[in-house]
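Student: So that we are looking at the same thing, I have put the structure below in structure tokens.
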Amino acid sequence: MKKFAVLGFIVASAVGLFWPSAKIAQAQEMAANPLTGTWRMTAWTRELTATGEKSDAFGPNPKGWITYSPSGRMMVIVVKSDRKAPAALVPTDQERIALYGSMLAYGGTYTVDKEKVVHHIDTSWNQAWTETSQTRFYTVNGKILTLRGAPAKDAVDGKESVYTVTWERAE
């Protein structure tokens, strides 16, 4: 009987050396909330619900990051890939407008269930989004996170659209 206890202790110790408790905690957190972590944007598309026509939502190859913390906070920043730097440290009014129009950023808390995540925005690049909640339906397939909005009228042209953003888990 003592042999099995000693053998069990040796095996448990070896597992502990190769799989530290921090890794176990991380694996448990990801199982409970698969969104936890930092994700790099790989695509952002717009689909017109009337025709099914798809297009790049923020130009080709936008750059962006989204982070979901275990404590329930999130933040996101996205910029157009062709974003122009101002000519000087202090941008002109025209450059400032172009910079504002080529990005989005917000942060806040989030709630998540098995099919959707709701971003409760408390800080935003566009004050109209502050104190709002944005619902996204999600799927996680390995290292790929897909966030999809509900059909809604586009703020630019008024056409009903669905936006889909694809992210890859950052390592």
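Student: Quick check: Cα centre of the stretch 59-80 to Cα centre of the stretch 112-162, how many Å?
Tutor: The stretch 59-80 and the stretch 112-162 have Cα centres spaced 12 Å from each other.
Student: Which one, Ile144, Gly108, Ser69, projects farthest toward the positive side of the charge dipole computed for the stretch 61-150 from Cβ point charges (K/R +1, D/E -1)?
Tutor: With unit charges placed on the Cβ atoms, the residue in question is Ile144.
Student: How much length, in nm to one decimal, is gained on full extension between Thr139 and Ala170, taken as 0.36 nm per residue of separation minus their Cα-Cα distance? Before the final figure, lay out each step's value.
Tutor: Details: separation 31, 0.36 × 31 = 11.16 nm, distance 1.65 nm.
9.5 nm is the gain from fully extending Thr139 to Ala170.
Student: Hey, what do the phi angles of the stretch 156-165 turn into as Karplus ³J(HN,Hα) couplings, whole Hz, using 6.51/-1.76/1.60 and θ = phi - 60°, x for Gly and Pro?
Tutor: 8, 10, x, 7, 5, 9, 10, 9, 10, 10
Student: Sum up the charges of everything whose Cβ sits under 9 Å from the Cβ of Arg40, counting Lys and Arg as +1 and Asp and Glu as -1, but leave Arg40 out.
Tutor: +1
Student: So, in nm, how far is label Leu48 from label Lys114 when the simple model puts each one 7 Å beyond its Cα toward the Cβ?
Tutor: 3.7
Student: So, one more: If you add up the charges near Val117, with Lys and Arg at +1 and Asp and Glu at -1, over every other residue whose beta carbon is less than 12 angstrom from its beta carbon, what do you get?
Tutor: Details: positive: Lys114, Lys116, Arg136, Arg148; negative: Asp113, Glu115.
Net of charged neighbours comes to +2.
Student: Short version: ³J(HN,Hα) in whole Hz for each residue of the stretch 92-102, in order, from phi by Karplus 6.51 cos²θ - 1.76 cosθ + 1.60 (θ = phi - 60°), x for Gly and Pro, what are they?
Tutor: 6, 4, 5, 5, 4, 5, 5, 5, 4, x, 10
Student: For the stretch 35-169, what is the Kirkwood hydrodynamic radius in Å, using each pair of distinct C-alpha atoms?
Tutor: For the stretch 35-169, the Kirkwood estimate is 15.9 Å.
Student: So who's got an amide H within less than 5 Å of the one on Ser81, skipping anything under 5 residues away but keeping other chains? H placed 1.01 Å off N, in plane.
Tutor: Answer set, sorted by chain and number: Lys63.
Student: While we're here: Give, as a single signed number, the net charge of other residues whose beta carbon lies under 13 Å from the beta carbon of Ala87, with Lys and Arg counted +1 and Asp and Glu -1.
Tutor: Residues near Ala87 contribute 0 overall.
Student: For a 24 Å ceiling on Cα separation, which of these pairs sit above it: Lys80/Lys153; Lys63/Lys143; Lys116/Lys143; Lys54/Lys153; Lys84/Lys159?
Tutor: Working: Lys80/Lys153 22 Å; Lys63/Lys143 18 Å; Lys116/Lys143 17 Å; Lys54/Lys153 15 Å; Lys84/Lys159 28 Å.
Beyond 24 Å between Cα atoms: Lys84/Lys159.
Student: Further, regarding this structure: Using the Karplus curve 6.51 cos²θ - 1.76 cosθ + 1.60 with θ = phi - 60°, what ³J(HN,Hα) values do you get for each residue of the stretch 166-171, in whole Hz, with x for Gly and Pro?
Tutor: Karplus-based 3J(HN,Hα) across the stretch 166-171 equals 10, 10, 10, 4, 7, 9 Hz.
Student: Which of rounded, prolate, oblate describes the stretch 45-112, given a ≥ b ≥ c as roots of the alpha-carbon gyration tensor eigenvalues and a/c under 1.5 marking rounded, otherwise prolate only if a/b is larger than b/c?
Tutor: Oblate shape, in that a/c is at least 1.5 and b/c is the bigger or equal ratio.
Computed from the coordinates by the stated procedures, all read-outs in this text should not be read as laboratory data. Owing to the predicted nature of the structure, the values given are computational and were not obtained by experimental measurement. Cβ atoms come from the backbone with ideal geometry, glycine included; neighbour counts cover every protein chain shown.
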